[in-house]
Amino acid sequence: MSCFLQAPVAHTILSSASSCRTVRRTKALKLRCGALGAKNAAKIPMPPINPKDPFLSKLASVASSSPEALLNSSANPDTPPFLDLFESPKLMATPAQVERSVSYNEHRPRSPPPDLPSLLLNGRIVYIGMPLVPAVTELVVAELMYLQWMDPKQPIYIYINSTGTTRDDGETVGMETEGFAIYDALMQLQNEIHTVAVGAAIGQACLLLSAGTKGKRFMMPHAKAMIQQPRVPSSGLMPASDVLIRAKEVIINRDTLVELLAKHTGNSIEAVAEVMRRPFYMDANRAKEFGVIDKILWRGQEKVMAEVASPEEWDKNAGIKVMDGF
């Protein structure tokens, strides 16, 4: 009986002793492996890391300071590995951020190129190239406010190629108040406003062209300007009383447009109202005569005009004697 009782006890003692030795051996092995790994890690040559690449730079920094963060990184199948190291995850640098190397052209940009409206805005240029719909008005007014906030003393350049509140076929796409909103914003600015027509300036767009600072209103040689009466928007299934209300509002907008054009062109209200009975088209020369613009932009125009002889010189060179009184 005692033999049967002593055998399990002895077996238990041997097993516990064996397990203790195993644990001690495992710890010693881990310590030796860790020391060996640290010793070898110092000798392993690190490949050159692009300092402009945020992913590789962050990864190298974490690996050198706290490698356990990489070893204990949670494996999430829904996200790429190691992205949890970033507050704002970025997989890699953008192509424009990559440093020049053998495989890249030496003229490759070092920073991302801006979009075209931002590039124009950086040059203090506001480009109106669409009919005056609410989205266009919102953007233009915001850009004008931003440019004045940036520098209230530098001029603002407005390039216009717009059919106003209508399309090129005459269909109404925006309310007349869209043009008046941009006009009111222009009048509130402290900056000089240089307006340039680079295609078409029709209706409300022609008003914006004429509203620039005196002496700073320009037109390209082959651009067109046109003033016309506001159009009644589509009435749809409105009752007759509502159509009449809309017609009265259009007449009020027409009178306002006539007054503003007369103010900026130097013509009388009657003269402007008379030419606006029907669409009144103007080329660059006619627009200058009417007072919509001040100058026509033509490359080399100043030099050509400076070389033109005066009428007296023409007569003298031609042998014509001008008599007094003529």
Restricting attention to the range 174-182, does a residue exist that is touching a residue at least 40 places away in the same chain (Cβ under 8 Å), open to solvent by less than 60 Å² (accessible area, probe 1.4 Å) and either basic (Lys, Arg) or under 16 Å from ILE125 (Cα atoms) (or both)? yes
Identify the residue in the range 112-141 that is more than 14 Å from ALA181 (Cα to Cα) and among the small types (Gly, Ala, Ser) and, among all such residues, is nearest to the chain's Cα centre (by Cα). SER118
What is the one condition in (1) touching a Pro at 6+ places or on another chain (Cβ under 7 Å); (2) surrounded by fewer than 17 Cβ atoms within 10 Å (Cβ to Cβ) that GLY164 does not satisfy? (2)
Only listed residue being among the small types (Gly, Ala, Ser) and open to solvent by 10 Å² or more (accessible area, probe 1.4 Å), chosen from ALA185, ALA223, ALA205: ALA185
In the range 261-294, which residues are open to solvent by 30 Å² or more (accessible area, probe 1.4 Å) and under 23 Å from ALA181 (Cβ atoms)? LYS263, ILE269
Go through the range 160-189 and give me each residue that's of a type in the set (A, V, I, L, M) and more than 14 Å from ALA135 (Cα to Cα). ILE160, ALA185, LEU186, MET187, LEU189
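Here is a yes/no grid of residues against (1) modelled with pLDDT of 95 or more; (2) outside any helix (DSSP H, G or I):
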{"site": "LEU139", "(1), (2)": "no, no"}
{"site": "ASP169", "(1), (2)": "no, yes"}
{"site": "LEU209", "(1), (2)": "yes, no"}
{"site": "LYS214", "(1), (2)": "no, yes"}
{"site": "GLN229", "(1), (2)": "no, yes"}
{"site": "VAL232", "(1), (2)": "no, yes"}
{"site": "MET238", "(1), (2)": "no, yes"}
The correct count of residues that are open to solvent by less than 70 Å² (accessible area, probe 1.4 Å) and of a type in the set (Val, Ile, Thr) in the range 239-260 is 4
Quick one: what pairs do we get from the range 206-232, first residue on the phi > 0 side of the Ramachandran plot, second assigned to a strand (DSSP E or B), C-beta under 9 Å, 6+ apart or different chains? GLY215/LYS295
Has the range 245-258 got any residue that is farther than 26 Å from LYS288 by Cβ, assigned to a helix (DSSP H, G or I) and among the small types (Gly, Ala, Ser)? yes
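The values are calculated or read from the model by the stated rules, or taken from the named source; none is laboratory data. Because the structure is predicted, anything quoted here is derived from the model rather than measured. Heads up, the Cβs are rebuilt from the backbone with ideal geometry, glycines too, and the neighbour counts pull from every protein chain shown. The accessibility values were calculated without ligands, DNA or RNA, using every heavy atom of the protein model including side chains. Shrake-Rupley method; radii C 1.70, N 1.55, O 1.52, S 1.80 Å.
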